[in-house]
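Below: the structure, in structure tokens.
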Amino acid sequence: MVAPTIAPARLRVQRRTLLLLSLAQVFSGVGTGAVVSTGSLLAVELSGSEAWAGSVTTTMTLGAAIASALLMRLALARGRRIALSTGLLVGAAGATGVVLAAVTGAFWLLVASGVLIGFGNAVNLQARFAATDLSATEHRGRDLSLVVWMSTIGAVAGPNLVGIGGELAAGLGIPGLSGLFVISTAGMLLGMAVIWIGLRPDPYLVLTGRQPLTGTEPAPAAEPGPAARRPGLRQGIQTLWSHPMARAGLIGIIAAHAVMVAVMSMTPVHLTGHGASITIVGLTVSLHIAGMYALAPVMGVLTDRLGGRTVAAAGMVTLLVAVLLAGFSGDAHLLTVIGLILLGLGWSAATVAGSAMIVAATPVAERVTAQGASDTLMSLAGAAGGSLAGVALAAIGYLGLGAASAAAILITLAGLTWTARTNRRTL
């Protein structure tokens with residue numbers, strides 16, 4: 001059989017959409033890297049306790065959960081361009097709030113700003129789904145993963161801009177750790193400008209027949225699908241749970257994100273507690289983020305060829321190895337670095353495969369609602385992982401955190417296996 005293709009006009013719009021989303025991801029990715037690399041250190045500095053180390057990451061992921069639901073509604077009503085650019089504008093306001101928190105020493109402002117930065121993080125998540133609006137069926141995994149991959153440049157650069165951020169902070173007369181968030185603010189604003197100016201026509205409005213492919217062509221007929229329900233988190237969850245493929249993808253995404261956030265957010269504290277310099281912390285976080293994004297296209301191609309279930313299961317096994325290796329690393333910084341790289345790779349496989357499974361399994365009329373619900377639950381899982389990680393670090397140490405994460409992964413693998421056997425479907 002010959003693989004289906006899409007019309008030339010739609011293909012041109014899809015290619016342009018991928019280019020613009022990828023460019024925006026480069027800029028906005030710096031914001032995520034800033035929180036990961038210095039957010040926990042700034043939280044300890046302002047709060048005076050390691051128990052609060054994961055607070056910024058937790059509030060960022062909680063903010064992303066709130067934003068995912070709100071931006072989903074905005075995308076349904078106004079399209080991807082309005083939703084994504086609005087999220088980045090709010091995220092930029094959050095990064096500015098972190099700078100003000102560092103200047104004033106207000107820990108509450110730091111925590112609140114993390115919520116707003118979460119809106120920018122939600123945009124980074126939803127951009128991967130926007131990349132599939134006009135994709136050919138056989139290339140959904142590839143297109144989705146390409147946008148995820150482009151986050152590599154900004155997200156990896158973010159932690160390595162600590163030195164430049166420090167110099168910028170010195171020039172502005174603000175605390176050293178806050179300088180990176182000045183760069184983060186600029187990056188999110190640039191990403192917003194790219195999407196606001198360039199994402200025309202809007203891929204979701206084209207998909208649903210509300211906008212033409214070009215200024216001279218009539219709007220295409222909407223993609224077939226059941227009548228849309230009133231959008232909301234409950235409806236999105238119902239859609240995800242009613243399709244076995246989407247349900248399995250969601251379970252993998254939630255578990256992978258919770259474990260990744262928990263271990264990643266405590267690693268800077270673990271490293272500095274074992275004598276590592278801020279440079280080593282930045283390098284470790286950068287390599288971890290590279291693991292998350294750099295091989296995303298490989299994960300996408302493998303998903304298209306081998307199926308989402310296979311790639312998601314491989315990701316969970318990789319996560320299992322990662323958390324055990326990092327947990328037992330002690331003061332062996334190299335083992336911590338290797339563990340964090342594998343942590344990123346496992347997250348990448350589970351997230352790319354799970355996201356592609358959700359797109360493939362949900363009808364067009366319900367897809368954005370399901371995607372928003374998926375991102376909301378993913379971010380809530382990350383918030384739970386980040387909040388519990390700080391308490392776990394204080395109570396049972398980094399090794400105990402690794403062991404608890406390993407147990408959660410094993411439970412997830414058992415659940416995915418049971419789901420596959422129960423439904424007797426190829427996911």
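Numbers below:
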{"read-out": "Region 122-163, subset touching a Ser or Thr at 6+ places or on another chain (Cβ under 6 Å) and more than 12 Å from Ser22 (Cα to Cα), residue modelled with the highest pLDDT", "value": "Ala122"}
{"read-out": "Contacts under 9 angstrom Cβ, first residue in region 134-148 being in contact (Cβ under 8 Å) with a residue 60 or more places away in the chain and polar (S, T, N, Q), partner crowded, with 24+ Cβ neighbours inside 10 Å and in a loop (DSSP other than H, G, I, E, B), 6 or more apart", "value": "Ser145/Ala131"}
{"read-out": "Residue within region 14-32 that is modelled with pLDDT of 80 or more, in a helix (DSSP H, G or I), among the hydroxyl-bearing types (Ser, Thr, Tyr) and more than 28 Å from Ala106 (Cβ to Cβ) present", "value": "yes"}
{"read-out": "Residue within region 366-384 that is more than 20 Å from the chain's Cα centre (by Cα), closer than 28 Å to Ser151 by Cα and not in a helix (DSSP H, G or I) present", "value": "no"}
{"read-out": "Number of the condition not met by Ala93 [criteria: (1) touching a residue at least 40 places away in the same chain (Cβ under 8 Å); (2) under 14 Å from Ser184 (Cβ atoms); (3) not basic (Lys, Arg)]", "value": "(1)"}
{"read-out": "Count of region 305-315 residues which are in a helix (DSSP H, G or I) and surrounded by fewer than 23 Cβ atoms within 10 Å (Cβ to Cβ)", "value": "5"}
{"read-out": "Check on Leu125, part of a helix (DSSP H, G or I) and over 30 Å from Arg200 (Cβ atoms)", "value": "no"}
{"read-out": "The one condition in (1) in contact (Cβ under 8 Å) with a residue 40 or more places away in the chain; (2) not in a loop (DSSP other than H, G, I, E, B) that Ala276 fails to fulfil", "value": "(2)"}
{"read-out": "From the options Leu319, Leu399, Leu380, Leu325, residue that is crowded, with 22+ Cβ neighbours inside 10 Å and farther than 27 Å from Leu207 by Cβ", "value": "Leu319"}
{"read-out": "Meets criteria (crowded, with 24+ Cβ neighbours inside 10 Å and either not β-branched (Val, Ile, Thr) or not in a helix (DSSP H, G or I) (or both)) for Ala356", "value": "yes"}
{"read-out": "Options Ala77, Ala67, Ala106; residue that is among the small types (Gly, Ala, Ser), closer than 24 Å to Gly236 by Cβ, modelled with pLDDT of 85 or more and surrounded by fewer than 19 Cβ atoms within 10 Å (Cβ to Cβ)", "value": "Ala77"}
{"read-out": "Any chance Gly390 is over 20 Å from Gly307 (Cα atoms), assigned to a helix (DSSP H, G or I), in contact (Cβ under 8 Å) with a residue 40 or more places away in the chain and over 18 Å from the mean Cα position of the chain (by Cα)", "value": "yes"}
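The values are calculated or read from the model by the stated rules, or taken from the named source; none is laboratory data. From a predicted model like this one, the values you see are computed outputs, not experimental measurements. Heads up, the Cβs are rebuilt from the backbone with ideal geometry, glycines too, and the neighbour counts pull from every protein chain shown.
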